[in-house]
Amino acid sequence: MDDPIRVTTHAEVFDDHFESHEFLSPGGRLFEQLGSAGQSVPDPANAVTKGTTWMVSDTSTGTCRFVVRRGDDAVPCDELNGILKAIDDDGPPIALDSSMLKPNDIVYVLA
């Protein structure tokens, strides 16, 4: 991911600008690349794997969300720039708080 990438999660934006945007969704190239870089943690109750960036997939709805380390806390992040900054952050990894997870979640550690 050395080259800048313009992404969207909005179908309307992608429809209008498909030549210059990636669609960040399951099955998309960037989404799959981020997912394949992660490590699956199948049991959310035991998700004590440390990291700086996580992708959390809700198997009941097929949706995902991202969580990043900000200081000593893990917080939700819905901006690609924030996700990429967290991936490149070489600060100390922290454990993802399992209270942020739902029973159907699968956690992928991206960094």
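Taken as a whole, the structure places Val56 among residues that are outside any helix (DSSP H, G or I), at pLDDT below 90 and outside the structural domain of His21 (by TED's automatic domain parsing). One residue alone among Asp73, Asp97 is surrounded by fewer than 11 Cβ atoms within 10 Å (Cβ to Cβ) and more than 13 Å from Thr53 (Cβ to Cβ), and that residue is Asp73.
Can you pull out the residues in the range 87-99 that are assigned to a helix (DSSP H, G or I), free of Cβ contacts under 8 Å to residues at least 40 places away in the same chain and under 26 Å from Ser60 (Cβ atoms)? Result: Ser99, single match.
The values are calculated or read from the model by the stated rules, or taken from the named source; none is laboratory data. Since we're looking at a predicted model, the values are computed, not measured. Because the Cβ atoms are built from the backbone with ideal geometry, glycine has one as well, and the counts that use them run over all protein chains shown.
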